[in-house]
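These notes concern the structure reproduced below.
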Amino acid sequence: MKVSGILILGFSPESSAREAGMQEGDVIVQYRGIGDLTVDKLTALTTGITYKGIGSRVVYLRNGSKYSVILPQGPLGISATNTLIEDPSNVMNVLQKIQKTYLFIGIVCIIGLPVLIVRSETWTILSGVFVATVYWAIYFGLRYRRGWVIILILIFSALSGVSCFFNIMQPAQDLKSLISKFFGFLLFLFFAYNLIFFRRKEVRQVFSDKDTLVI
């Protein structure tokens, strides 16, 4: 979801924003609890403020992460322009749901392995173990935000998506195969969404910042 904000282009010599640690390129998305900001709106909010006591709280975005600071006394002192940016909280919510999905499928794979071992041939068993390993590798890669997991997800999603597509296209022989195709279709949609989601710049930025654990 895109949110409107104010892109900082520079600071005045006595800028309280710069003193609070803000940098050029940061995007202010909330000032004193008020969001949906524009330059005109922020100007109106800061006009006539008496700089005494506790300063104003500012929420801003930097490299796909959200930060909050209390400004020291003094003028905001920024040059800025209006912009639209992806809200990282929305990205993190989607990322957590995808991570939980990989966890769920990984658990299903482990539960199904004993049945696969009893009823299948060696090659099928090895394939099942490999797929289960990939699911768990992706889960832990997402949880600990490893950069390599994006490449793994894109490759695995592309291959799995193609496999699901061809399986869906095969004619159903009975109710069991029809149910299998239904779940295959759901997986196809999941992998297709993975290919779209993990190619986005704001998602890649999340993995460049290792400070926060995705739970």
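Annotations for the structure displayed:
- All positions within the stretch 101-124 that are free of Cβ contacts under 8 Å to residues at least 12 places away in the same chain and either among the basic types (Lys, Arg) or in a helix (DSSP H, G or I) (or both): Phe104, Ile107, Val108, Ile111, Pro114, Val115, Ile117, Val118, Arg119, Thr122, Trp123, Thr124
- Counted residues, the stretch 12-22 - those being open to solvent by less than 50 Å² (accessible area, probe 1.4 Å) and either in contact with a Leu (Cβ under 6 Å, 6 or more places away or on another chain) or not aliphatic (A, V, I, L, M) (or both): 6
- Among the residues examined, Thr47 does not qualify as farther than 30 Å from Leu187 by Cβ and open to solvent by less than 70 Å² (accessible area, probe 1.4 Å).
- Residue list for the stretch 50-83, filter: open to solvent by 60 Å² or more (accessible area, probe 1.4 Å), at pLDDT below 80 and within 11 Å of Asp26 (Cα to Cα): Asn63
- Enumerated helices (runs of 4 or more DSSP H) restricted to the stretch 131-215, each holding at least 1 residues that are in contact (Cβ under 8 Å) with a residue 60 or more places away in the chain and open to solvent by 30 Å² or more (accessible area, probe 1.4 Å): 175-197, 201-206
The values are calculated or read from the model by the stated rules, or taken from the named source; none is laboratory data. Keep in mind that what you see is a predicted model, and the values were worked out from it rather than measured. Note: ideal-geometry Cβ built from the backbone for every residue, glycine included; neighbour counts use all protein chains shown. To get the accessible areas, we keep the full protein, side chains included, count just its heavy atoms, and leave off ligands, DNA and RNA. Shrake-Rupley method; radii C 1.70, N 1.55, O 1.52, S 1.80 Å.
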